[in-house]
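Step one of this worksheet: look at the structure below.
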Amino acid sequence: MIVQLSSGKTIPVEMHKVRIVQKAFLVPIDERLKAIEAGGYNTFSLRTKHIFLDMLTDSGTNAMSDNQLAAMMVSDDAYAGCESFYKLTDAIKDVLGFDYVLPVHQGRAAEHLLSKVFIKPGDVIPMNYHFTTTRAHFEMAGGTVLEIFTDEALNTQSTNPFKGNLDLQKFKDVIAKYGREKIPFIRMEATTNLLGGQPFSLHNLREVKKIASKHGIPLVFDGSLISENAYFIKQREKGYADKSIQKIITELMSCVDIFYLSGRKSSCVRGGFIATNNKKVFEDIKPWLPLYEGFLTYGGMSTKEIEAMAVGLREMTDTNVAGSAADFVKYFAERFIENGVPVVTPPGGLACHLDAKLFLPHIPQSQYPAGALAAAVYLASGVRSMERGTISTDRDKEGKEVYADLELARLAIPRRVYTMSQIEYAVDRIKWLYGHRDLVKGLKFVEEPPVLRFFFGKLEPLENWGAKLAEVFKKEIGPSF
Ligand code: F0G
């Protein structure tokens, strides 16, 4: 919850108490240098023991509530007909309003099943923006992803509250150009992850639905960050300030034909599902579920996680839970802005994003500025961020580099995990890095996997800049930090 202090300043205040803690480590810069060198300047290669604040992702890394942990203790491990599953279907019906549920082990498995059943070679799939796993699955099924975001979406220094909106005219143009039969569905991602966690408005979703319905195109909703999108609608869209998160979610869902999510984000567990009120959609996907995921009543999830998900879905409709990451992201971004460090605005749903094109303007996209920035942030602070730029965008079919629209280093905020002083520490070290940005140079691949290369790729720093940066850090801040 955002609270106003007597000075007029606002701060995010945690509406929970911390009763279980986990030890954190801050290894000195020389050890961090060794770790990032051994990991090919890829933050995915780092181990927890070398990381102070893990801001790689908010996926599966959130603090669970006491009620979630308690529910895990009473899970039913039956392979078929497991009672925990029926608690989940009840929660999905109550919160989202869907009758048919297909559980999967995580969000990308839902994308895999949707691709397998609905996408055929030559199809086009319009969407407000892609996520890495979405694009990979849809393309593997022979489809082409068409991103029809508004012009404002790529402006990282914007005040537009809904940069995740779909461009309605472009959507109409896509339908006119390709025809209904080439469009299996339209996909809307709640708080477009790769645009910096930017939401869409309810108004926009309703308009998208109107156009889609007119042409008989189903609307697929990626709700991995649904509670954050609903929270932003409450804060930013006229007429919603007094509506509950649950009410906003219900209004969102009235536009949706097929819903899926990664349960690892808003609902603070590990798992996922597809849900719908369309029996035929359910029946078309169902036969594939035991083959790829697991039987219908667990779908590859542990029954403990299914119990916790049923609780997590209900809890995410609490405004304080829905805003727990977003309020911290806002504070984080505002502190950077005060210090002149370029970040994506407005602050988004899952992370504070450093804009690497502005932070490191001297590094061309061919030398991966966002990857270099993520590595440099780790070196300067022990904070692990994630590259969300050209390294996260695979080459095209001819092997040519595809430059990403945005070059971002993502500092994700796992829900209810980090405190204000830890955020302040990160701001301080990254501010120091910004003052020494000229020391940071580009990267080049030494090992490049053919698909989703950002996971396992290995790179090396041009002109050995990592070691040079570490030397300056030791002189100015000290060798023991
Ligand atoms: N859709 C969105 C919007 C996501 O953010 C993610 C995952 C997925 C689908 C895939 O779900 O990981 O459960 O298979 N995002 C994670 C991240 C990986 O770090 O942002 P998953």
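The values are calculated or read from the model by the stated rules, or taken from the named source; none is laboratory data. Only a predicted model underlies this, so the values are computations on that prediction, with no experimental measurement involved. FYI the Cβ positions are ideal-geometry reconstructions off the backbone, even for glycines, and counts take in every protein chain you see. Calculation scope for accessible area: heavy atoms of the full protein, side chains included, ligands and nucleic acids excluded. Shrake-Rupley method; radii C 1.70, N 1.55, O 1.52, S 1.80 Å.
Results, tabulated for the structure shown:
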| quantity | calculated |
| --- | --- |
| Percent of Cα-Cα distances greater than 34 Å, calculated over region 66-318 | 13 percent |
| Modelled label reach - ASP428, point 7 Å along Cα→Cβ, region 440-481 residues with backbone N closer than 15 Å | 476-481 |
| Under 19 Å from LYS431, Cα to Cα: aspartates and glutamates that are on another chain or at least 8 residues apart | ASP54, GLU334, GLU338, ASP355, GLU387, GLU407, GLU471, GLU476 |
| Cα convex hull of region 59-216 - mean projected area over all directions, nm² | 11.7 nm² |
| On Cα atoms only, tilt of 226-236 relative to the major axis of the chain in degrees | 80 degrees |
| Loop-resident sites, region 1-79, for chymotrypsin sites (Phe, Trp or Tyr not before Pro), counting at most 12 other Cβ within 10 Å (DSSP) | PHE25, TYR79 |
| Crossing angle, helix 202-214 versus the chain [Cα axis fit, 0-90 degrees, rounded to tens] | 50 degrees |
| 0 to 90° range, to nearest 10: angle between helix 303-315 axis and the chain longest Cα axis | 90 degrees |
| Pairs from LYS120/LYS280; LYS9/LYS330; LYS34/LYS330; LYS265/LYS330; LYS177/LYS214 whose Cα-Cα separation, in the structure shown, is over 23 Å | LYS34/LYS330 |
| Label-to-label distance, nm, for residues given as ARG395 and LEU69 (7 Å Cα→Cβ offset) | 4.8 nm |
| ASP99 versus TYR79: modelled label distance in nm, points set 7 Å from Cα along the beta carbon direction | 3.0 nm |
| Accessible area per residue in Å² at 1.4 Å probe, computed on region 66-318 | 37 Å² |
| Only Lys, Arg (+1) and Asp, Glu (-1) charged, at Cβ; the chain dipole about Cα centre in debye | 220 debye |
| Per residue Cα convex hull volume in Å³ - calculated over the chain | 145 Å³ |
| Extension gain, THR10 back to VAL451 (0.36 nm per residue minus Cα-Cα distance, nm) | 154.4 nm |
| Ellipsoid equivalent to region 1-92 - semi-axes via the Cα gyration tensor, in Å | 34, 26, 12 |
| Size of charge dipole - region 370-481 - debye, nearest 20, with Cβ of Lys, Arg +1 and Asp, Glu -1, no other charges | 360 debye |
| Equivalent ellipsoid dimensions for region 38-120 as semi-axes, Å, which come from the Cα gyration tensor, largest first | 31, 22, 12 |
| Extension reserve of the LYS444-ILE2 stretch, reckoned as 0.36 nm per residue once the Cα distance is removed | 154.9 nm |
| Percent antiparallel among DSSP beta bridges (both partners in the chain, rounded to 5) | 65 percent |
